[in-house]
Amino acid sequence: MSEILEPLDIRLSEDGASLEVEWNDGHVSHTTLRALRWKCPCAICNGEAGHRGRLASLAELPPDEYVLTGVQPIGRYALAPVWKSGHDKGLYTYFYLRNLCECPDHTAVRERVEMKRGMEI
């Protein structure tokens with residue numbers, strides 16, 4: 001098997017609420033579209049150079065911001081979701097996308113890391 005993380009299949013969940021990615025290491029990640037949209041890494045949404053992004057000042061997004069209409073591959077390293085609102089600037093590297101997985105294993109790892117960070121403060 002390749003040591004480079006790559007998606008083999010990308011699909012919406014049966015209920016249409018999550019993005020499922022089957023990876024070449026056998027893991028299938030599940031990320032809700034809501035979480036995927038709020039974690040958009042683009043400069044417009046997330047900010048850059050010390051400036052806050054659009055999402056920092058919002059409590060909620062319009063419904064069309066959570067409707068995924070497509071996913072474009074970017075080379076062999078990232079995916080760019082296309083939202084019904086027209087937003088398509090977020091480049092989710094495979095590593096970043098994999099870490100957004102909401103399965104119990106990945107959630108537990110994130111909780112342990114956050115707990116450790118809290119103890120260091």
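The values are calculated or read from the model by the stated rules, or taken from the named source; none is laboratory data. Not measured: the values here are computed from a predicted model. In this analysis, Cβ positions are derived from the backbone assuming ideal geometry, glycine residues included, and neighbour counts consider all displayed protein chains.
Some points to look at:
- Flag if Ala17 is at pLDDT 95 or above and either over 14 Å from the mean Cα position of the chain (by Cα) or more than 18 Å from Glu102 (Cβ to Cβ) (or both): no
- Unmet criterion (only one of (1) closer than 23 Å to Leu12 by Cβ; (2) exposed (fewer than 15 other Cβ atoms within 10 Å of the Cβ); (3) aliphatic (A, V, I, L, M)) for Ala56: (1)
- When restricted to residues that are modelled with pLDDT under 95, farther than 23 Å from Trp23 by Cα and touching a Cys at 6+ places or on another chain (Cβ under 9 Å), region 78-121 contains 0.
- Within region 59-105, tally of residues that are of a type in the set (A, V, I, L, M), surrounded by 14 or more Cβ atoms within 10 Å (Cβ to Cβ) and within 22 Å of Asp25 (Cβ to Cβ): 6
Here is a yes/no grid of residues against (1) among the basic types (Lys, Arg); (2) under 10 Å from the mean Cα position of the chain (by Cα); (3) in a helix (DSSP H, G or I):
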{"position": "Leu61", "(1), (2), (3)": "no, no, no"}
{"position": "Asp64", "(1), (2), (3)": "no, no, yes"}
{"position": "Leu79", "(1), (2), (3)": "no, yes, no"}
{"position": "His87", "(1), (2), (3)": "no, no, no"}
{"position": "Gly90", "(1), (2), (3)": "no, yes, no"}
{"position": "Tyr96", "(1), (2), (3)": "no, yes, yes"}
{"position": "Asp105", "(1), (2), (3)": "no, no, yes"}
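- Selection status of Leu12, out of contact with any Lys or Arg (no Cβ under 6 Å at 6 or more places or on another chain), surrounded by 14 or more Cβ atoms within 10 Å (Cβ to Cβ) and in contact (Cβ under 8 Å) with a residue 12 or more places away in the chain: no
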